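What follows is one structure encoded as structure tokens, with my remarks underneath.
The values are calculated or read from the model by the stated rules, or taken from the named source; none is laboratory data. All figures in this text were calculated on a predicted structure; none of them were measured in a lab. With ideal geometry, Cβ positions are generated from the backbone for all residues, glycine too; neighbour counts draw on all protein chains shown. SASA here: full protein model, heavy atoms, side chains in, ligands and nucleic acids out. Shrake-Rupley method; radii C 1.70, N 1.55, O 1.52, S 1.80 Å.
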Amino acid sequence: MPDGYQAVSYPDMQNLFTLGGSAVYPAGSWEISIFNQLVGDDFAIGAFPPPVPEEGADCFINDHMDMGMAMNADTQHPEEAQLFLEWLGSAEFAELWNNALPGFFAMSNHVVEASDPMVQVYAGWRQHCGSSPRNAYAIISRGEPNTDSELIRVTQLVMNGEMTPEEAGETVQAGLASWYEPQMGE
């Protein structure tokens, strides 16, 4: 981390990386298109999956659905809507999607030919890493404290040396246990 990293913004991080000011840029596949534009052929970019605690441990990637499509039960065109939804689940759509929006992957089990080398790298992790959804984006962020916001807050405290990882875990767990019924009273 550079001196004064607390004041470095998201675009600043991108610029530091593309200008050679940092060797690693912590991000995800959604950055593929951005870096393809910013870096072009200036230098080769690679990616590595999340580290594991020890060699041979299970690898997990955050592999989740950002959006979905459904049919309105009251549609006047159920056959057409069903046909469209079936196409959205097809190998043809998966390949179109993965190549049109590099870094945003169709959630299908189809083998997809991706033209972007970085898409191939990220998608290849599905072969040897388990899938882990966003851990705090859905149900467990509906209460107060909001678990997603708490994870962001305590991560910053850990990075700044103001909290240990163990304290961060205890803080988030206590907040969740204060309102999330499956955790209350345990």
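Numbers below:
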read-out	value
Residue satisfying all of: in the range 88-131; touching a strand residue (DSSP E or B) at 6+ places or on another chain (Cβ under 8 Å) and not hydroxyl-bearing (Ser, Thr, Tyr); farthest from residue 52 (Cα to Cα) among these	126
So residue 66, is it without any contact (Cβ under 8 Å) to a residue 40 or more places away in the chain, under 24 Å from residue 106 (Cα atoms) and under 21 Å from the mean Cα position of the chain (by Cα)	yes
Which listed residue, of 124, 161, 143, is assigned to a loop (DSSP other than H, G, I, E, B) and open to solvent by less than 40 Å² (accessible area, probe 1.4 Å)	143
Residue within the range 72-87 that is over 30 Å from residue 40 (Cβ atoms), modelled with pLDDT under 95 and hydroxyl-bearing (Ser, Thr, Tyr) present	no
Qualifying positions in the range 110-121 - open to solvent by 30 Å² or more (accessible area, probe 1.4 Å), touching a residue at least 12 places away in the same chain (Cβ under 8 Å) and under 16 Å from residue 28 (Cα atoms)	121
Number of the exception - residue 171 against (1) in a helix (DSSP H, G or I); (2) within 18 Å of the chain's Cα centre (by Cα)	(2)
Positions within the range 138-164 being hydroxyl-bearing (Ser, Thr, Tyr) and in contact (Cβ under 8 Å) with a residue 12 or more places away in the chain, in sequence order	147, 155
Among the residues listed as 173, 156, the single one being modelled with pLDDT of 90 or more, surrounded by 14 or more Cβ atoms within 10 Å (Cβ to Cβ) and either polar (S, T, N, Q) or within 21 Å of residue 28 (Cα to Cα) (or both)	173
Condition check for residue 55: charged (D, E, K, R) and either over 23 Å from residue 114 (Cβ atoms) or touching an Asp or Glu at 6+ places or on another chain (Cβ under 6 Å) (or both)	yes
